[in-house]
Amino acid sequence: MSVWATKRKFIISSSIFIPLIVVAVFLYITGREKPSCFDGLINQDERGVDCGGSCVAVCQNEAEDVAILWTRFLPVIDDVYSVVTLIENSNKSFEAKNVPYSFKLFDEEGVLIYERKGSAFFPAGSTFPIFEHALRTGERVPSRAVFSLRNTPFWEQREFEKIPIQIVSKNLDQENTPKLTAVIKNNSLKNLSQISFIAMLFDADGNLVNASKTVLSTLGREASDTIVFTWPEDFKNTVVRTEIVPVEYTAN
């Protein structure tokens, strides 16, 4: 076979296989799944599997445990009680949604007499209450309340953001059945809805006297409204300080 014939055969073969190789490489590169925060791998700038770095999800070893500062049960009427706990989330840039929790009431012998399960939003860098009402214990009298988390919070990166709701004024009327009235204002340029407020009342020694919760359905941007908390019976201790905390809302 002549040299030219050999070269010609090589040129023809190259003209066929080189484009095929180029196409194969292109298909391999474009067909690969791009790195993401949901691919089950540690890639990009992640510090764990699909967490840390540019991912919204926070790696569990990067988050501090929340602190349960105190938990109280409060008599409402007859065999009905409320429970409230105060939580501190020291993670300045981490929040968690729908964190499952449990309130348990025990009698003086340590026997569980009631359990209430729920879920709550844990805002970044905040101290906030969680409240449950209408716990009926029948003939059994609670002696102790315990709050616990049922699962580890799924933390997401979010800078601390002050809730844009101002408590303009408050007035506690104890002449008949106790009633706490407050004027609140939305300081944001967004419409807010399903705004939950928890009121806590304290005596001169800083002890919790009672608590309650109310929900305002809507509050327009830069608008004001009035919220009311009521209790069916007089308090045993004199209230000298009131706190109203907006704990959850939706911005539209």
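What follows draws every value from the coordinates through simple rules; no lab data is involved. Here the structure is a predicted model, which means the values were calculated and not measured. For neighbour counting, all protein chains shown are included, and Cβ atoms are generated from backbone atoms with ideal geometry for every residue, glycine included.
Relative contact order of the chain, please, whole-number percent, based on alpha carbon pairs below 8 angstrom and at least 6 residues apart.
Numbers: 526 pairs, mean separation 38.0, N = 252.
Answer for the chain is 15 percent.
Averaged over every viewing direction, what's the projected area of the C-alpha convex hull for the stretch 165-251? Give it in nm², one decimal, please.
Values: hull surface 21.6 nm².
Projected area, direction-averaged: 5.4 nm².
Nearest 500 deg cm²/dmol is fine: what mean residue ellipticity at 222 nm does the chain get from its DSSP H runs of n ≥ 4 alone, each adding -39,500 (n - 2.57), divided by its residue count? Present the calculation step by step, with values, prior to reporting the outcome.
Numbers: 1 runs with 29 residues, N = 252.
The per-residue figure over the chain is -4000 deg cm²/dmol.
Output the 0 to 90 degree angle, nearest 10, between the alpha-carbon long axis of helix 3-31 and the longest principal axis computed from the alpha carbons of the chain.
The two axes meet at around 0 degrees.
Quick check: from the Cα gyration tensor, does the stretch 92-181 come out rounded (a/c under 1.5), prolate or oblate? Don't jump to the answer; show the numbers that get you there.
Details: a/c = 3.33, a/b = 1.18, b/c = 2.83.
Here the stretch 92-181 falls in the oblate category.
Please give the contour-minus-distance gain from residue 92 to residue 146: 0.36 nm per residue of separation, less the Cα-Cα distance, rounded to one decimal in nm. Walk me through the numbers on the way to the answer.
Values: separation 54, 0.36 × 54 = 19.44 nm, distance 2.59 nm.
Roughly 16.8 nm would be gained on extension.
For the stretch 42-145, what is the Kirkwood hydrodynamic radius in Å, using each pair of distinct C-alpha atoms?
Values: mean 1/r = 0.0634 Å⁻¹.
Over the stretch 42-145, the inverse of the mean reciprocal pair distance is 15.8 Å.
Measuring from a point 7 Å past the Cα of residue 250 along Cα-to-C-beta, which residues in the stretch 101-122 have an amide N at less than 19 Å?
Within reach of a label on residue 250, which here means backbone N under 19 Å from a point 7 Å along Cα→Cβ, the stretch 101-122 contributes 119-122.
Give me Rg over Rh for the chain, both radii from the alpha carbons and Rh done the Kirkwood way, two decimal places. List each step's numbers first, then the result.
On the way: Rg = 29.6 Å, Rh = 22.5 Å.
Here Rg/Rh amounts to 1.32.
Between residue 221 and residue 45, what is the label-to-label distance in nm when each label sits 7 Å out along the Cα-to-Cβ direction?
Output for this residue pair reads 3.2 nm.
Order by neighbour count: 238, 181, fewest other Cβ atoms within 10 Å first, most last. Display every interim value, and only then the final one.
Details: 238 10, 181 14.
Result, fewest neighbours first: 238, 181.
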